[in-house]
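Step one of this worksheet: look at the structure below.
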Amino acid sequence: MRTLIMLLAALLLGCTWSNPYYDPGKAHHTPEGFRNNYPFVEREMSLQWRWQQFWRTLPRPTESNARPNPLAADVEVLRANRNEPTLTWIGHATLLLQVGGVNVLTDPYFSERASPVSFAGLRRSAPPALALDELPPIDVVLISHNHYDHLDLSALTGLQTQPGGPPRIFVPLGIEPWLADEGIRNVEEQDWWESSEYLGLRIHLVPAQHDSARGWFDHNRTLWGGFVVEHPLLRFYFAGDTGYTRDFADIAERLGPVDLAALPIGGYEPRRFMEAMHMNPAEAVQAHRDLQARYSVAMHWGTFAMPDEPLGEPPKALAQALAESGVPPERFLVMRLGETRPLSPLLGKPTAPQAAASPRERSLARSVY
């Protein structure tokens, strides 16, 4: 009876909740939450498929040899680097961008499972290429949305105690109060097309086609999005999690072409369920073109046996899509787990010497906000 009463109370609260950020002048705002720029007909996933995904704990036999071939990340080089722009793939949508002496971490996910419980739910098929305590001091964290495989509370909690102080965390609307309740500070919220200046970077939150939820009754109450990070050496786009829409062309039209785009290529099957939320490799190639990106890098594949495509299929499908589109394959990078790619040779831009910031300088820079 008590459980039933709690469930009814939660349902009642869900029906009476209103969006505190609601701005009737913004089309992606609703009184109840948020919506995409280009609406789609949501197709509910079958209960059977959802149940199978929740209880799946191991990769299927056909996937056992299809994991990304990892490299041993050079921890000391990453910690010492304050000059060379680099990108390191840690796993899933977790990337370490180093530019202008600033360390930027995207959607840091380091846990074993992407789930509200420790005994079930999506389980990693490949470990992170770097442990949380092996990272260089992180200055900036970008969180695209609140799904468990993109917002890892334990990782954010761990970063709060890193040497030199916690990073500045940029999130879409609605996530900051939730993080504050969990003891996570130094968080800045943004709406689509808003931007912030921090440590020599200009950080824009841009639209994506996706959704948000952390539980049963909070669907689309917090915003989602991607990020454009501008620095004199690099214009970097991080897509987060997204389906394919005109949003990519809108981003290029409004903010200009990007030097490097991190685009998801996995999690696209079964297509009847995933089409609206996750791009397939052919759509990722089209997004690369829409963004007018000089280069793109593949992410969001090879970490979870969450979709119905084999773990190793997305890069093969990407190679085929590139061949069919006429985009040179060297323009869309597929990195190995743990690989660090120097970006100056790709971008044809000189490396700007930059002295390492002292802990005091880092603290002063953060205290401005």
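Just need the relative contact order of region 71-367 here, percent rounded to a whole number, with Cα pairs under 8 Å and 6+ apart.
On the way: 674 pairs, mean separation 61.3, N = 297.
With pairs under 8 Å counted, the relative contact order is 21 percent.
Suppose we keep just the alpha-carbon trace of region 92-198; what are its Rg and Dmax in angstrom?
When restricted to Cα atoms, region 92-198 yields Rg and Dmax of 13.5, 41 Å.
In what order do Y38, Y109 fall by count of nearby beta-carbon atoms within 10 Å, going from fewest to most? Don't skip to the end; give the middle numbers.
On the way: Y38 13, Y109 23.
So the residues, fewest neighbours to most, are Y38, Y109.
I need the fraction of alpha carbon pairs in region 71-367 separated by more than 37 Å, rounded to a whole percent.
Values: 3037 of 43956 pairs.
Within region 71-367, distances greater than 37 Å cover 7 percent of Cα pairs.
Please arrange F40, F110 by counting, for each residue, the other beta carbons lying within 10 Å of its beta carbon, fewest first. Write out the running numbers ahead of the final one.
Details: F40 12, F110 22.
Ordered by Cβ neighbours within 10 Å, fewest first: F40, F110.
Where the Cα atoms of region 168-320 are projected onto their three principal axes, how long is each span, largest first, in whole Å?
Largest to smallest, the principal-axis extents are 42, 41, 24 Å.
For D23, D250, D139, D107, which order do you get if you count the other beta carbons within 10 Å of each Cβ and list the fewest first?
With the fewest neighbours first, D23, D250, D139, D107 line up as D23, D250, D139, D107.
Every number here is computed from the coordinates shown, using simple stated rules; none is lab data. This one's a predicted model, so the numbers in the text were calculated from it and none came from an experiment. When we count neighbours, we look across all protein chains shown, and the Cβ atoms used for this are built from the backbone with ideal geometry, even at glycine.
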